[in-house]
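The structure under discussion appears below in the form of structure tokens.
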Amino acid sequence: MDDKSIVGLWASGVTQPVLFACPPEEWSDGRDKLFGEIVSKDKVSVSLPGGVHGSSTLIPDKSKAADLYMKEDHRVF
């Protein structure tokens, strides 16, 4: 996107439950700030090694960490 601030603006209006999953290398490139912009009271972030970009991180055939992302004890609020 040309305007990088548009995603943060959008995130600040999200009130639905959110699962924010990404591998550590993506989390550390600014996604932590984006997660902080989400106003939903029901938001969960999970950042584990072996994952891939987006919802594919939950699919075992695409992500080495799919089973880890699905464990409740890895949830970070």
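The values are calculated or read from the model by the stated rules, or taken from the named source; none is laboratory data. Remember, it's a predicted structure, so these values are computed and weren't measured experimentally. Quick reminder, even Gly has a Cβ in these numbers, built from the backbone with ideal geometry, and neighbours come from all protein chains shown. Note: accessible area is taken over every heavy atom of the protein model, side chains too, but ligands, DNA and RNA are not part of it. Shrake-Rupley method; radii C 1.70, N 1.55, O 1.52, S 1.80 Å.
Identify all residues within region 36-54 that are open to solvent by 70 Å² or more (accessible area, probe 1.4 Å), assigned to a loop (DSSP other than H, G, I, E, B) and not basic (Lys, Arg); write none if there are none.
Matches in region 36-54: Val39, Asp42, Pro49, His53.
Go through region 3-26 and give me each residue that's part of a loop (DSSP other than H, G, I, E, B) and small (Gly, Ala, Ser).
Result: Ser12, Gly13.
When you scan region 9-19, do you find a residue that is in contact (Cβ under 8 Å) with a residue 40 or more places away in the chain and among the hydrophobic types (A, V, I, L, M, F, W, C), even just one?
Looking through region 9-19, none of the residues is in contact (Cβ under 8 Å) with a residue 40 or more places away in the chain and among the hydrophobic types (A, V, I, L, M, F, W, C).
Give region 55-65 a look and list any residue that's in contact with a Pro (Cβ under 9 Å, 6 or more places away or on another chain) and surrounded by fewer than 19 Cβ atoms within 10 Å (Cβ to Cβ), or say none.
Matches in region 55-65: Lys64 only.
For residues that are modelled with pLDDT of 85 or more and surrounded by 13 or more Cβ atoms within 10 Å (Cβ to Cβ), scanning just region 25-35, find the one that is nearest to Lys62 (Cα to Cα).
The extreme case among them is Glu26.
Considering only region 1-15, state which residues are open to solvent by 70 Å² or more (accessible area, probe 1.4 Å) and either β-branched (Val, Ile, Thr) or under 14 Å from the mean Cα position of the chain (by Cα) (or both).
Listed by number, the residues that qualify are Ile6, Thr15.
On the given criteria, is Ser56 modelled with pLDDT of 90 or more, among the small types (Gly, Ala, Ser) and closer than 15 Å to Phe20 by Cβ?
no
List every residue pair whose Cβ atoms lie under 7 Å apart, where the two residues are 6 or more positions apart in sequence or sit on different chains, the first residue falls within region 28-44 and is closer than 14 Å to Ser5 by Cα, and the second residue, located anywhere, is assigned to a helix (DSSP H, G or I).
Leu34/Val7; Leu34/Gly8; Leu34/Ala11; Glu37/Gly8; Glu37/Ala11; Ile38/Ala11
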